[in-house]
1. Out of all the residues in the range B:109-155, which are among the hydroxyl-bearing types (S, T, Y) and within 12 Å of another protein chain (Cβ to nearest Cβ)?
2. Name the strands (runs of 3 or more DSSP E) wholly inside the range A:1-61 in which the number of residues that are modelled with pLDDT of 55 or more, open to solvent by 20 Å² or more (accessible area, probe 1.4 Å) and among the hydroxyl-bearing types (S, T, Y) is 2 or more.
3. Tell me whether the range B:111-125 contains one or more residues that are part of a loop (DSSP other than H, G, I, E, B), on the phi > 0 side of the Ramachandran plot and modelled with pLDDT of 95 or more.
4. Do the conditions hold for A:D227, that is, is it within 23 Å of A:I91 (Cβ to Cβ), free of Cβ contacts under 8 Å to residues at least 40 places away in the same chain and not in a helix (DSSP H, G or I)?
5. Based on what the data block shows, is A:I143 touching an Asp or Glu at 6+ places or on another chain (Cβ under 6 Å), of a type outside the set (S, T, Y) and at pLDDT 95 or above?
6. Return only the number of the condition from (1) closer than 19 Å to A:V117 by Cβ; (2) outside any loop (DSSP other than H, G, I, E, B); (3) among the charged types (D, E, K, R) that A:K213 does not satisfy.
Amino acid sequence: MQSNTFSSFLNGQKFITLKSISSTNDYLKEELSKSAPFSEGTVIMAEEQFGGRGQSGNKWLSESGKNLTFSILLKPSFLNPIQQFNINIVICVAIYEALYPLLGEELAIKWPNDIYVGDRKLGGILIENILQGNEWRESVVGIGINVNQEDFSGLKNACSIKELLHREYILTDLLYDLCKSIEKCYFQLKNQGIADLQLVYKKALYGLNEVRKFNLEGVSVEGKIIDVADDGQLIVDFNGHSARFNFKEIEFVF
Amino acid sequence: MDIKQIQDLIKFVAKSGVNEVSIEEQDFKITIKTNKEPTYVNATLPAAVQAIPAPVAAPVAAVEVAPAAPATDDTSKLITIKSPMIGTFYRSSSPDKPLFVNVGDSISAGDVICIIEAMKLFNEIESEVSGKIVKVLVENAQPVEYDQPLFLVDPS
């Protein structure tokens, strides 16, 4: 384990890199439960993450040392837990803005929080919050971005930055850009509210205003994403009738 | 209570905007009403005289001095832990992991008791109280509303 200080963002926090860990989120949560004095902005990065989780417990496969897998600690106690989709927006927009100069127009945010390039997944986010009563104490934000991995055997809709741009990227350089961007968007939420961030999130939304196929609990339908509600529900239009969906109530069909 | 006190009380009600004042004593009960919503003052005689000026501080607000609570039964000692948000209630971190808490378990403030998932954000809910889990009010993987009771805890 190596411990450094990244003084230029989220001032004075800890940056911990681990050689191999089951999940950086689990590590951070476990340390917090043992009352580790981690301040907001603490970053845990793993060279190899063998138990990383994707949505609904799906394994997220990462070749050792090739991808960026890290967790960052936030303490959004200024927000009510019912506003927690705002943190999701902050993280998605931060990643989008940090990667946009590299990847351009094809970059998109797939609702609620995957990072896509075209129709392929580049990365994902797992946010785990710790609440006591109505007090939102901590937010453990896990981020995984495919960077230098080229072999995605078995995953037909995955991609990496190297695959797209044909060059290697230094993981910690990218980490630095992402953390800077998270800091910027997080303080933007704190100081100016969610409105502008919400606009970027919606503009970057994968499939916005396009008729496409969805799976609604086994039924295949055609619809068009028209908006995302403040609480995060996806609003889809079906021939002039709109409906709202929670996560898992609607599935994209590729 | 003499006639002077009752006259003063009527004046107070008229001036203050209190809608109704009820005074119940050992051997009599008096209710002074305007035609708006009720306010109750229950007191024994010396206390009644002292209690009456209180509503003056907030003349427009209905002031309610509730009667002493009836004798408590067993369940009133229990604390209800409620959901801080709309979402899906989970009793373990994943299907293959043990439940966070079972009925009969002793918990301390700060222990994780459930997860509520909302829009792919996972919320570990920590107890604010210490005590013993008496009842789990929601089934695993069921949707919950804001403020919906989740657990009954005996703090004693």
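1. If we filter the range B:109-155 for residues that are among the hydroxyl-bearing types (S, T, Y), which is where we start, we get B:127, B:130, B:146.
Within the range B:109-155, B:S127, B:Y146 meet the criteria.
2. Numbers: elements: A:2-5, A:14-21, A:43-49.
Where strands (runs of 3 or more DSSP E) fall fully within the range A:1-61 and carry at least 2 residues being modelled with pLDDT of 55 or more, open to solvent by 20 Å² or more (accessible area, probe 1.4 Å) and among the hydroxyl-bearing types (S, T, Y), they are A:14-21.
3. Step one: of the range B:111-125, the residues part of a loop (DSSP other than H, G, I, E, B) are B:111, B:119-120.
Applying the additional criterion that residues be on the phi > 0 side of the Ramachandran plot yields B:119-120.
Filter again for modelled with pLDDT of 95 or more, leaving none.
No; the residues of the range B:111-125 include none that is part of a loop (DSSP other than H, G, I, E, B), on the phi > 0 side of the Ramachandran plot and modelled with pLDDT of 95 or more.
4. Numbers: within 23 Å of A:I91 (Cβ to Cβ): yes; free of Cβ contacts under 8 Å to residues at least 40 places away in the same chain: yes; not in a helix (DSSP H, G or I): yes.
Yes; evaluated as a whole, the condition is true for this residue.
5. Details: touching an Asp or Glu at 6+ places or on another chain (Cβ under 6 Å): no; of a type outside the set (S, T, Y): yes; at pLDDT 95 or above: yes.
No.
6. Every condition holds for A:K213 apart from (1).
Yes/no per residue for (1) out of contact with any Phe, Trp or Tyr (no Cβ under 7 Å at 6 or more places or on another chain); (2) within 11 Å of chain B (Cβ to nearest Cβ):
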site	(1), (2)
A:K75	yes, no
A:N86	yes, yes
A:E106	yes, no
A:V117	yes, no
A:G123	yes, no
A:E128	no, yes
A:W136	yes, yes
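Residues checked against (1) outside the structural domain of A:L68 (by TED's automatic domain parsing); (2) polar (S, T, N, Q); (3) closer than 25 Å to A:K29 by Cβ:
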position	(1), (2), (3)
A:S139	no, yes, yes
A:I143	no, no, yes
A:D177	no, no, no
A:I182	no, no, yes
A:L216	yes, no, no
A:V219	yes, no, no
A:D231	yes, no, yes
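The values are calculated or read from the model by the stated rules, or taken from the named source; none is laboratory data. As the structure is a computational prediction, the values presented were derived from the model and not from experiment. Virtual Cβ from ideal backbone geometry, glycine too; neighbours counted across all protein chains shown. Protein only, heavy atoms only, side chains kept; ligands, DNA and RNA dropped before computing areas. Shrake-Rupley method; radii C 1.70, N 1.55, O 1.52, S 1.80 Å.
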